[in-house]
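Scroll down for the structure; my scribbles are underneath it.
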Amino acid sequence: MLEAAADKKAEDPVALNLKGIASFTDAFVILGGNQRRQTQAICDAVVERLGQKGERPGHVEGYTLGDWILIDFADLIVHVFTRETRDFYKLEMLWGDAPRMAAEAPESPGNKGTSAVRKG
């Protein structure tokens, strides 16, 4: 999943482990883009890549405006921000108690959802 985002030049990926902190998901992945078209392209790539593995988002919010796109895969929520919006909301700081997870660049076949991140 992170490889697909990197293919679209996603910036500053951050993965947060929310197990035991939030009841609604296990992990956040936060990605950045320069402008709306790029955030939409990142979103499309993530949805397509996880779709190839049989994972479909429950819903996607904010795609049309593109400043903050939320992709809900239940146990994984992906946030794709423009730089300005990410700087404004500071989601990483809001969830500062959550341990960061290290990103593993290449995905191996058969991995699902949060396989692109591991506890760090």
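All of the numbers you see were taken from the coordinates with simple rules; none came from a lab. In this text, all values refer to a predicted model and were calculated from it rather than measured experimentally. Cβ atoms come from the backbone with ideal geometry, glycine included; neighbour counts cover every protein chain shown.
Rounded to the nearest 20 debye, what is the charge dipole size of the chain about its Cα centre when +1 sits on each Lys and Arg Cβ and -1 on each Asp and Glu Cβ?
Around 100 debye, computed over the chain.
As a ratio to 2.2 N^0.38 Å, the alpha-carbon radius of gyration computed for the stretch 2-119 takes the value 0.96. Extension gain for the segment residue 72 to residue 102, taken as residue separation times 0.36 nm less the Cα-Cα distance, is 8.8 nm to one decimal. Considering only 87, 26, 72, the Gaussian network model of the chain with Cα springs below 10 Å gives its largest mean-square fluctuation to 87.
Here the relative contact order of the chain, from alpha carbon pairs under 8 Å that lie six or more residues apart, stands at 30 percent. The DSSP beta bridges internal to the chain are antiparallel in roughly 70% of cases.
Please give the length that would be gained between residue 87 and residue 3 if that part of the chain were fully extended, namely 0.36 nm times their separation in residues minus their C-alpha to C-alpha distance (nm, one decimal).
Taking 0.36 nm per residue and subtracting the Cα distance, the gain is 27.9 nm.
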